[in-house]
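Everything below concerns the one structure shown next.
Quick note: the coordinates plus some simple rules give every number you see, no bench work behind them. Keep in mind that this is a model prediction, so the values were computed, not measured. Every residue, glycine among them, receives a Cβ derived from its backbone with ideal geometry; neighbour counts consider all protein chains shown.
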Amino acid sequence: MGSRRDPIGVFDSGIGGISTLRNMVKLLPGENFIYYGDLKNAPYGTKSTAEVLRCVRGVVAHLLEQRIKALVIACNTATGAAAATLRKELDIPVVAMEPALKPASELRRDGKILVMATPLTLNQPKFEKLMAQYGAGAEKVPCVGLMELVEQEDEEGARKYLEGLFSRQDLDRVDAVVLGCTHYVFLKAMIREMLPEHIAITEGNEGTARQLRRVLQRADLLSDAAEGSVTFETSGDEATLETMRRWLARKDPGSGPA
Ligand code: DGL
């Protein structure tokens, strides 16, 4: 077990989990975070469960060497593939995330819920379980290639991709859209602009930050420091570390002038 001032390890296949990190830093400013973007192995969403589990094990081994007191899987895809295994194997708290289908189901009237996520997330038994419980009216929308557009900061490409995706739907019949991949949360403002007002948009970042606080509180591991830190690491190109720092402070595409 760790101690209060030990860091919290957070990871994703790339920059997507920085959208989750933003919420965590805001809620828990006294914590020290190590954010790891596994860019060498990105994307996770089109790999097999076994492949993602192997990648995740590598990342986690590296984070454990730095004496993390808790682990946050800031990636829906890695959660489906690895959370249950990691919870069995690790003796530190593991916080994971899943597509925010439950809140979407509470907002649904009699229309559809579109669940945007990676193919692997949508094909996981974990997601099938969620669908069985809260999936009335829900449609799986695998978004192959969308995370790459976010990584490349290709705002116009993302806009075209989303326009194509939504043009294939009867939006009058849609009640909610779930952003079931942490990369897509960076497109939330853009998506909000594109969709009619009656459609709710849900995502799990705020809930994940609150869950982290609860878990740390329960384990008596909340930092007592006034100020914390964020350190970025990657298995990819060193140059992306600067990009990651920028994304933590960045305004989302479509949210108006910076
Ligand atoms: N950001 C990840 C998620 O939340 C996945 C992106 C990918 O590597 O395919 O699912």
Notebook entry, point to check: If you line up the Cα atoms of the stretch 78-122 on their principal axes, what length do they span on each, largest first, in Å?
Noted result: 43, 22, 10
Margin query: Translational diffusion coefficient of the stretch 129-204 at 37 °C, 0.692 mPa s, Stokes-Einstein with Kirkwood Rh over Cα pairs, in µm²/s as a whole number.
Written below: 248 µm²/s
Checklist line | the stretch 98-136 and the stretch 183-258: distance between their alpha carbon centers, rounded to Å | finding: 21 Å
Item checked: Over 27 Å [Cα-Cα, the chain], rounded percent -> 34 percent
Next item on the list: Note the per residue figure in Å³ for the convex hull of the C-alpha positions in the stretch 4-65.
Entry: 82 Å³
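Could you state the orientation-averaged shadow area of the convex hull built on the Cα atoms of the stretch 12-124, in nm² to one decimal?
Approximately 7.9 nm², given one-decimal rounding.
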Note to self: Can you report the principal axis dimensions of the stretch 43-90 using only the alpha carbons, biggest first, rounded to whole angstrom?
What the structure shows: 31, 17, 17
Notebook entry, point to check: Leaving out same-chain residues fewer than 8 places away, which lysines sit with a Cα under 24 Å from that of residue 112?
Noted result: 102, 126, 129, 140, 160, 188
Notebook entry, point to check: Out of residues 5 or more away from residue 232 or on other chains, whose amide H comes under 5 Å of its own, with H placed 1.01 Å from N in the peptide plane?
Noted result: 35
Note to self: Can you give the longest run of the chain that contains no trypsin sites (Lys or Arg not before Pro) sitting in a DSSP loop with at most 14 other Cβ atoms inside 10 Å?
What the structure shows: 169-250
